[in-house]
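Report on the structure given below.
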Amino acid sequence: MLDAQLPGRGWPQGALIELMPCHEGIGELALLQPALRQLPQARSIFLLNPPHPPHFHCWLNWQLAAHRLLWLAPQNMADTLWSAEQILRHDACAALLCWASLPRLTTLRRLQLAARQSQALFFMLRPPSAARQPSAAELRLALYPTALGLDIHILKRKGPACEQTISLALHPARPAKTYTRHVSLDQPVPAYPQPGRQFSALAS
């Protein structure tokens, strides 16, 4: 559903893409997981200035080898943006995920130019307030959580504006409860023997 609304029917490589989740941890990385899995196995994936330490077991479950993941934690935002520009200019990775707050428009233009010199997927994750500011990004998406995934609003893309909300299911629906003759092992109160029945002996 999302691919159908993206220019070229997918994430553009060599371009600045902005993702603006309404808050952290709503599934913004799960949204990128299918694309990251398809990238060349010999090239690295940079995580630049993430708000929390990466959970590498999760990445392994996504079939992304741990040795491909490079986690950088610069001292400040200026170093973060400088690092992003150098990584892109040297075409040093298959994908760059950069968490940044509110860089200036001139900085975003430099990053867009640097991205064009690479073949990387370049995602900049920014706060929702960034949607009110101009940007040199080719693609801008606002993300909102739902019970099973995300609602996505395309704020900017090449071509005509996208007015519709795209709802994606990222998590499987829980199966409906079915009747069972077995009692749950989680007992809210102690179990007592009923008339005519005794507890079985416990092994010592």
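FYI, it's all coordinate maths here, none of it is from the lab. Not measured: the values here are computed from a predicted model. Cβ atoms come from the backbone with ideal geometry, glycine included; neighbour counts cover every protein chain shown.
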Using a Förster distance of 22 angstrom, determine the FRET efficiency expected from the C-beta separation of Q86 and T106, and round it to 0.05.
0.85
Rg and Dmax of the range 19-98, Cα atoms, in Å?
12.6, 33
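When a/c reaches 1.5 or more, the comparison of a/b and b/c decides; with that in mind, is the range 3-169 rounded, prolate or oblate per its Cα gyration tensor?
It is rounded, given that a/c, with a ≥ b ≥ c, falls under 1.5.
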Of 73-80, 158-165, ordering from highest average Cβ density within 10 Å down gives 73-80, 158-165
